[in-house]
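All remarks here apply to the structure that follows.
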Amino acid sequence: MKRLIETKIVNPLLEKYGIPAYKTHGSAGMDLIACIEEPMTISGGNNVLICTGLAVNIQDPGLVAVVASRSGLCLKNQIRVGQGLGIVDSDYHGEIGVILHNDGLDDYVVQPGERIAQLLFMPVVQVDFKIVDTFTTITDRGEGGFGHTGRH
């Protein structure tokens, strides 16, 4: 079931490059476009904020838009979303920006209209914290983490 999300084009270049859309029937994310007039260089080890020309009005606090890396861009060019995942809250109405990070040593040039990230919509569960001295359940794992079960 698809939901309708109000979408605003905040930069007319986006109409030239194409509105984000699912590329296949089974796609979870829509590709976000670099809505820039000229190429932008990301030096090795650095971040650059790239505008997408797009704003959304999610309206439902039970939904969040998530900006995620494109796997091919990361594998082939070491370019990823800088903070891991970008979050677009349901009450944010500004232009979606993508922080791209270059994990490589060589400069990477982002071209106008290039697909730079994915936008996914996901459910949100908000919680309240209940402060306790001990947890009410005990698990086999307990506080073990960071590879405590081994590699194989």
(message) The conditions are (1) under 23 Å from residue 3 (Cβ atoms); (2) in a loop (DSSP other than H, G, I, E, B), and residue 84 fails exactly one of them. Which is it?
(response) (1)
(request) State whether the residues of segment 58-75 include one that is free of Cβ contacts under 8 Å to residues at least 24 places away in the same chain, open to solvent by 70 Å² or more (accessible area, probe 1.4 Å) and within 26 Å of residue 123 (Cβ to Cβ). (result) yes
(request) Residue by residue through segment 21-57, note down the ones that are open to solvent by less than 20 Å² (accessible area, probe 1.4 Å) and part of a loop (DSSP other than H, G, I, E, B). (result) 29, 34, 35, 36, 52, 53
(request) State all residues of segment 87-112 that are under 18 Å from residue 72 (Cα atoms), exposed (fewer than 13 other Cβ atoms within 10 Å of the Cβ) and acidic (Asp, Glu); if no residue qualifies, say none. (result) 106, 107
(request) Look at residue 79 and say whether it is farther than 18 Å from residue 3 by Cα and touching a helix residue (DSSP H, G or I) at 6+ places or on another chain (Cβ under 8 Å). (result) yes
(message) What pairs come out if I take residues in segment 123-149 that are within 30 Å of residue 59 (Cβ to Cβ) and pair them with residues that are assigned to a loop (DSSP other than H, G, I, E, B) and open to solvent by less than 100 Å² (accessible area, probe 1.4 Å) whose C-beta lies under 8 Å away, six or more apart or interchain?
(response) 123/62; 124/61; 124/62; 124/90; 126/61
(request) Name every residue in segment 87-118 that is over 14 Å from residue 42 (Cα atoms) and outside any loop (DSSP other than H, G, I, E, B), in order of residue number. (result) 87, 88, 97, 115, 117, 118
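The values are calculated or read from the model by the stated rules, or taken from the named source; none is laboratory data. For clarity, every value in this text was computed on a predicted model and none was experimentally measured. Methodologically, a virtual Cβ is constructed for each residue, glycine included, from the backbone with ideal geometry; neighbour enumeration extends over all protein chains shown. The area values use the complete protein model at the heavy-atom level, side chains included, leaving out ligands, DNA and RNA. Shrake-Rupley method; radii C 1.70, N 1.55, O 1.52, S 1.80 Å.
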